[in-house]
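Structure, as structure tokens:
The values are calculated or read from the model by the stated rules, or taken from the named source; none is laboratory data. Quick caveat: nothing in here was measured; it's all calculated off a predicted structure. Please note: Cβ atoms are built from the backbone with ideal geometry, for glycine as well, and neighbour counts cover all protein chains shown.
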Amino acid sequence: MLELDGRTLTFEQFRECCLKPNLPAIIRHAAVDSTTNSVGGSGPSPYFSPLGDMQSHLSPIGVVNLFGGDHVVPATESPATVASDSLKDGISEGHMKCSKLRLFEVIERWRGSPTLVYVKDWHMQSDLEAVSSCVGAPDLRGVSSVVASDAEEGNAAVCSGRRAVVHGGNLYCVPCYLGPDWMDEFCRFSQHGDSKYRYFGEEESDYRFAYIGPPRSWTPLHFDVFGTYSWSLNVCGEKLWFFPTPEGNQTLLRGGLHGVALAPDIRTTAGAELWTVTQYPGDLVFVPSCYLHQVHNVKGSCFTLPQTRETANVAATSCEGIESVSTPNESVVDLVISINHNWCNEWCVERMVDAFCRDANRLWMLLGDEVRLTLFGDDVGAWHDHVENLLMGGTNWNFGCIRSFLVYRLQVLRSSGPTTAEGDNVRRLVESCLGKVNETEMRVAHCVRG
């Protein structure tokens, strides 16, 4: 698999190597743990806080200090005996239980539970930004806003005219070499609540996450939400990634009905050659659009666990002499910590639209005219609302969402100053995507047959 160096990488290189061909890559040295070995050989990374700072903020003690032990996070739980085989034999995703847990509950399970708890898809960046905006919030040492003039010389032109956004209470800025981020811009615009637009998701329109889990926890085979790109930066520990080759990716997508019937473990599939890569602290993995991948946490860093109410009660009981009970021995845990960020731009927007239209057409094939007429008769408006609700409930987006996203991008392109040939090409591309969405909506939601 392709390996790149974050200390010297430019957008032009990344575009030609990864975005245009839609190929995965690992970017070594994207973040560093000191003021050495960064871009140009000296000084801190211009994009990420030092790894030690990020690790401190995202450690068990760090997150409890920042958010409090009652803060609720999403997590998966799987039996340790099952997870221990996850690097040997294929195991069922059905063994994994998804739940919402308080941080104190997560920590108690890490302390000695027979299950492996993996904090996944946590909107940590958004939560940190909310904490940072509060009066008296802790000072999160991190990167300052990176503007084009401060970026390395090779990236300055690429970042020119694009305001850098600081994410997660100063944890990071998106590296300039990854290119523009249409997704986050639209999600941030959604916070203004313009009634003309529909936004992705029923709750939070935000696709930035943290993953915190022990060795042997893992994420089954999948491709990323909405067919977007994603990058994952390892803060500490080691991960093992599995990717199919491009040919294998297409084979598995076709055989798995584009995500509907995928095997959870890529190593149990046939007919697809695999790439594997180990990700170390400071490495950033790029996941292309609609590209299958599977991730295992294989080696963690050791963290001290904070005292929770449960352990505090045990300690107090022991000190008072009421019972001779010692505090639990499991006061440390090995963890792998990463931050993930989904994004999209002109190089994957067609794949996103194709993925959406596939979802909509699949729904239409499952329902059809007979169901429509039985439920709603000739009330096309009620049928349209029903389709929109089903799409949102099943896939987290619908015609209103994807149209709003494309219309917003067109408005940005049209108001971005003097037109250029490149800008005109991008505008025509987005207009074409919007036309495809409108055509699909007329067929699926308005019952207009071509």
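Please give the number of the condition A360 fails out of (1) within 22 Å of the chain's Cα centre (by Cα); (2) within 30 Å of G423 (Cα to Cα); (3) among the aliphatic types (A, V, I, L, M).
Against the list (1) within 22 Å of the chain's Cα centre (by Cα); (2) within 30 Å of G423 (Cα to Cα); (3) among the aliphatic types (A, V, I, L, M), A360 comes up short only on (1).
D139 passes all but one of (1) among the acidic types (D, E); (2) modelled with pLDDT under 75; (3) under 29 Å from H222 (Cα atoms); which number fails?
Of everything listed in (1) among the acidic types (D, E); (2) modelled with pLDDT under 75; (3) under 29 Å from H222 (Cα atoms), D139 misses just condition (3).
For the stretch 1-97, please list each of the helices (runs of 4 or more DSSP H) lying entirely inside it that holds at least 1 residues being of a type outside the set (G, A, S) and modelled with pLDDT of 95 or more.
Correct list: 11-14, 51-58, 60-67.
Residue under question is F242, and the condition is that it be surrounded by 24 or more Cβ atoms within 10 Å (Cβ to Cβ) and either touching a helix residue (DSSP H, G or I) at 6+ places or on another chain (Cβ under 6 Å) or assigned to a loop (DSSP other than H, G, I, E, B) (or both); does it hold?
Judged against the criteria, F242 is not a match.
Could you please find all residues in the stretch 156-176 being touching a helix residue (DSSP H, G or I) at 6+ places or on another chain (Cβ under 7 Å), at pLDDT below 85 and not in a loop (DSSP other than H, G, I, E, B)?
Within the stretch 156-176, A156, V158, C159 meet the criteria.
Yes/no per residue for (1) assigned by TED's automatic domain parsing to the domain that holds W364; (2) within 24 Å of C348 (Cα to Cα); (3) not aliphatic (A, V, I, L, M):
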{"position": "G381", "(1), (2), (3)": "yes, no, yes"}
{"position": "D385", "(1), (2), (3)": "yes, no, yes"}
{"position": "L391", "(1), (2), (3)": "yes, yes, no"}
{"position": "R403", "(1), (2), (3)": "yes, yes, yes"}
{"position": "V407", "(1), (2), (3)": "yes, yes, no"}
{"position": "V412", "(1), (2), (3)": "yes, yes, no"}
{"position": "S416", "(1), (2), (3)": "yes, yes, yes"}
{"position": "E431", "(1), (2), (3)": "yes, yes, yes"}
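For C319, state whether it is modelled with pLDDT under 90 and either closer than 27 Å to V63 by Cβ or not assigned by TED's automatic domain parsing to the domain that holds L253 (or both).
Yes.
State whether the residues of the stretch 420-440 include one that is over 17 Å from W364 (Cα atoms), under 28 Å from the mean Cα position of the chain (by Cα) and of a type in the set (D, E).
The answer is yes, given that some residue of the stretch 420-440 is over 17 Å from W364 (Cα atoms), under 28 Å from the mean Cα position of the chain (by Cα) and of a type in the set (D, E).
Against the definition (surrounded by fewer than 19 Cβ atoms within 10 Å (Cβ to Cβ), under 30 Å from Q13 (Cα atoms) and either at pLDDT 80 or above or charged (D, E, K, R) (or both)), how does L284 come out, yes or no?
Numbers: surrounded by fewer than 19 Cβ atoms within 10 Å (Cβ to Cβ): no; under 30 Å from Q13 (Cα atoms): yes; either at pLDDT 80 or above or charged (D, E, K, R) (or both): yes.
No.
Kindly indicate which of R409, R414 is crowded, with 18+ Cβ neighbours inside 10 Å and of a type in the set (D, E, K, R). Quick ask: steps written out before the conclusion?
On the way: R414 fails: crowded, with 18+ Cβ neighbours inside 10 Å.
Just a single option satisfies the conditions, and that option is R409.
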